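Below is one structure, written out as structure tokens, with a few remarks after it.
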Amino acid sequence: PPQKELAAAAPQQQRLSAGASSRRARAGRVRAVATPTRAPRSPASTGSVKSPMTTTEKILARASERASLEPGENVWVDVDVLMTHDVCGPGTIGIFKQEFGEDAKVWDREKVVIIPDHYIFTSDERANRNVDILRDFCEEQKIKYFYDIKDLSDFRANPDYKGVCHIALAQEGHCRPGEVLLGTDSHTCNAGAFGQFATGIGNTDAGFVMGTGKALLKVPPTIRFVLDGEMPPYLLAKDLILQIIGEISVSGATYRSMEFVGSTIESLTMEERMTLCNMVIEAGGKNGVVPADETTFKYLEG
């Protein structure tokens with residue numbers, strides 16, 4: 001606008017700014033601000049996608065070979081990765097053998113990832129037996145990605161040991177955009193930081209996936225969290241997700257997908273995004289997801 005109009009508008013802007021500051025001071029604390037309602041976008045006139053879908057819906061549509069999906073639909077999806085560990089692994093293996101037979105083979109030995117990480121540094125024989133069961137099963141099935149630990153006296157003496165399962169999945173390249181990752185751990189949602197659908201399942205479901213590579217899932221509705229602005233140095237990603245959970249409550253996202261977008265999210269590292277997605281289960285969420293971008297692809301190059 002012309003300079004005169006800018007000059008005329010300045011006093012009014014100052015009054016508005018002063019009024020807003022006064023109201024914030026009276027409020028006594030920072031309050032959440034809802035994003036303005038936006039007009040729905042019409043579906044693209046060209047291409048294969050004719051219905052608008054959220055990130056989670058797109059991923060599940062691809063995995064179920066559907067053109068479009070809506071929240072509440074039950075669909076069979078093809079699983080890209082199944083993860084289990086030493087807590088739930090023995091139970092999953094037991095159900096797999098019970099339902100498919102003692103001599104049954106897993107649906108894909110390169111898509112099953114098994115990680116001992118809970119019961120490892122202990123002298124308890126029963127806890128050690130859990131890892132023994134995993135080891136025997138992986139040898140029998142020729143599982144490619146078994147991150148074993150044998151020397152309990154020194155974790156550095158174990159070249160295959162990768163640490164916490166959720167971090168191992170990311171660092172070893174099992175988290176990939178657009179895929180479906182299921183794991184027998186509630187914090188499997190951690191992997192949603194990579195722009196994939198990742199959620200925890202029980203031993204029974206995992207035993208079925210182990211034999212078929214498929215899972216029956218209900219498409220969750222999505223809550224979209226738009227976080228814009230620069231992160232101050234005294235805040236961490238942990239603070240963001242704790243603030244969100246504090247506002248929506250520990251059941252505020254029950255069986256919903258929590259999608260994180262905005263300039264703040266774009267500025268976060270992959271580790272910080274994993275922190276956000278890791279804790280969606282603490283709000284009852286089905287999965288958390290951050291759309292893949294250059295930060296994601298750069299991390300995956302390694």
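The values are calculated or read from the model by the stated rules, or taken from the named source; none is laboratory data. This structure is a prediction, so every number in the text was calculated from the model and none was measured. In this analysis, Cβ positions are derived from the backbone assuming ideal geometry, glycine residues included, and neighbour counts consider all displayed protein chains. Just the protein is used for accessible areas: all its heavy atoms, side chains included, with ligands, DNA and RNA removed. Shrake-Rupley method; radii C 1.70, N 1.55, O 1.52, S 1.80 Å.
Summary of computed values
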item: Selection within the stretch 150-186 - open to solvent by 50 Å² or more (accessible area, probe 1.4 Å), closer than 15 Å to residue 87 by Cα and not in a loop (DSSP other than H, G, I, E, B); result: 186
item: Filter result (open to solvent by 50 Å² or more (accessible area, probe 1.4 Å) and in contact (Cβ under 8 Å) with a residue 12 or more places away in the chain) within the stretch 220-242; result: 224, 228, 230, 236, 238, 242
item: Enumeration of residues in the stretch 88-119 that are surrounded by fewer than 20 Cβ atoms within 10 Å (Cβ to Cβ) and modelled with pLDDT under 95; result: 118, 119
item: Positions within the stretch 268-277 being over 14 Å from the mean Cα position of the chain (by Cα) and over 13 Å from residue 235 (Cα atoms), in sequence order; result: 269
item: All positions within the stretch 121-142 that are surrounded by fewer than 18 Cβ atoms within 10 Å (Cβ to Cβ) and either hydroxyl-bearing (Ser, Thr, Tyr) or within 26 Å of the chain's Cα centre (by Cα) (or both); result: 122, 123
item: Long-range neighbours under 9 Å by Cβ, at least six apart or interchain, first residue of a type in the set (Gly, Ala, Ser) within the stretch 107-131, second open to solvent by less than 30 Å² (accessible area, probe 1.4 Å); result: 127/86; 127/120
